[in-house]
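Notes for the one structure printed next.
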Amino acid sequence: MTVDILICTMNEGIASVPLCLMEEQDGVGYVVSMQYTDEQYLKTIPDELLTRQDVVLTTLKGSGLSANRNNAIAHAKADICIIADDDVRYTNQRIAQLREAFSRYQEADVLMLQSLGPDGQLLREYPDCSFNMHCPPKGYYPISIDLAFRRERMNEVAFDTRFGLGSQKMSGGEEGVWVETAKRMGKTVIYIPQPLAKTTEYPKSGDHIFSDKRKLFSYGALSYFVYGPSSMLRCLKFAFLQAPKQHASVFKAYVSMMKGILYIAIDGRKIDKDKVVTRDKKQKQWRI
């Protein structure tokens, strides 16, 4: 199976992309999607990205991570695609293990893996056992650099441009919406406890969400997209349990999340109802 690593970056971030590249090898390529807000950034594209035979470089004016992801996917040609950013690194061994995993899980349209931090340790707490995302364990959520998928099977599943960093109203949530959309369209999404990407920076703590209305808005919007009306109670519980720990107002946090909930409730979840797969609430967690 061929593999394309889809690297999304913006403006000056293009300078660090060559550090993401491994030595050229058969069957592994890169699609670099560069968003830019000013044409001056096009002059900073490193020569290596223009000369390497295994790199496809595409540019996109504007902002919005989801649009950038969609642009990268549109230019991919490999059997397997890996969602990547400009601060992650890969090894031949982990790519080989990914190929083996897709061979082992023939039914999987999407594999969700693990990421490593700068110290080589797991980036966060991950489940120890594999499972199908139609019945995920409590507390598990996807992050973009954990995702790899079979390109031809996922052609109709796009990232929702209302979500993600740089979008009009939100600053995140795009990977959760993408995975939820895939599930409802009948795709098989499986988590396996196997490392894939290694990031050069630790992610910011989730605690700062309570000082950022835009992040709270995004959290509420994502919650409604995934859970529907029950998200109102879920967000209320989240605010009551977590906001006081960060010396934040429960009321103000909940109001910001409710605004996100109402936005998606009014604007719609935008999933083709003919392709929706209803989750069986009685189904037990499927461990593989």
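The values are calculated or read from the model by the stated rules, or taken from the named source; none is laboratory data. Just so we're clear, the structure is a prediction, and the values are computed from it rather than from any experiment. No Cβ is skipped: glycine too gets one built from the backbone with ideal geometry, and neighbour counts run over all protein chains shown. In case anyone asks, the SASA skips ligands and DNA or RNA and just uses the protein heavy atoms, side chains included. Shrake-Rupley method; radii C 1.70, N 1.55, O 1.52, S 1.80 Å.
The number of residues in region 112-130 being closer than 17 Å to ASP87 by Cβ, surrounded by 13 or more Cβ atoms within 10 Å (Cβ to Cβ) and among the small types (Gly, Ala, Ser) comes to 2.
Could you tell me which residue of region 163-175 is nearest to ASP85 (Cα to Cα), considering only residues that are assigned to a loop (DSSP other than H, G, I, E, B) and open to solvent by 20 Å² or more (accessible area, probe 1.4 Å)? Working first, answer last.
Narrowing region 163-175 to residues assigned to a loop (DSSP other than H, G, I, E, B): 163-173.
Those left that are additionally open to solvent by 20 Å² or more (accessible area, probe 1.4 Å): 165-166, 168-169, 171.
On the way: LEU165: 12, GLY166: 15, GLN168: 21, LYS169: 21, SER171: 16 Å.
The extreme case among them is LEU165.
Taking the listed residues THR44, THR9, THR91, the one that is at pLDDT 95 or above and over 19 Å from THR200 (Cα atoms) is THR44, with no other qualifying.
Would you tally the residues in region 81-111 being in a loop (DSSP other than H, G, I, E, B) and surrounded by fewer than 19 Cβ atoms within 10 Å (Cβ to Cβ)? Working first, answer last.
Going through region 81-111, the residues in a loop (DSSP other than H, G, I, E, B) turn out to be 86-87, 90-91, 105-109.
Filter once more, so that each one left must be surrounded by fewer than 19 Cβ atoms within 10 Å (Cβ to Cβ): 91, 105-107.
Within region 81-111, residues that are in a loop (DSSP other than H, G, I, E, B) and surrounded by fewer than 19 Cβ atoms within 10 Å (Cβ to Cβ) number 4.
State yes or no: is LYS252 within 27 Å of MET154 (Cβ to Cβ), open to solvent by 80 Å² or more (accessible area, probe 1.4 Å) and either modelled with pLDDT of 95 or more or not hydrophobic (A, V, I, L, M, F, W, C) (or both)? Can you show your working first?
On the way: within 27 Å of MET154 (Cβ to Cβ): no; open to solvent by 80 Å² or more (accessible area, probe 1.4 Å): yes; either modelled with pLDDT of 95 or more or not hydrophobic (A, V, I, L, M, F, W, C) (or both): yes.
No.
Would you check if there is a residue in region 34-51 being over 24 Å from ASP160 (Cβ atoms) and basic (Lys, Arg)? The answer is yes; a qualifying residue exists.
Check region 8-30 and report whether any residue there is outside any strand (DSSP E or B), under 29 Å from CYS129 (Cα atoms) and touching a helix residue (DSSP H, G or I) at 6+ places or on another chain (Cβ under 9 Å). No - not one qualifying residue is present in region 8-30. Of the residues in region 203-211, none is open to solvent by less than 10 Å² (accessible area, probe 1.4 Å), not in a loop (DSSP other than H, G, I, E, B) and not aromatic (Phe, Trp, Tyr).
Among the residues of region 42-68, write down those that are open to solvent by less than 40 Å² (accessible area, probe 1.4 Å), within 20 Å of ALA78 (Cβ to Cβ) and outside any helix (DSSP H, G or I).
Residues satisfying the conditions are ARG52, ASP54, VAL55, THR58.
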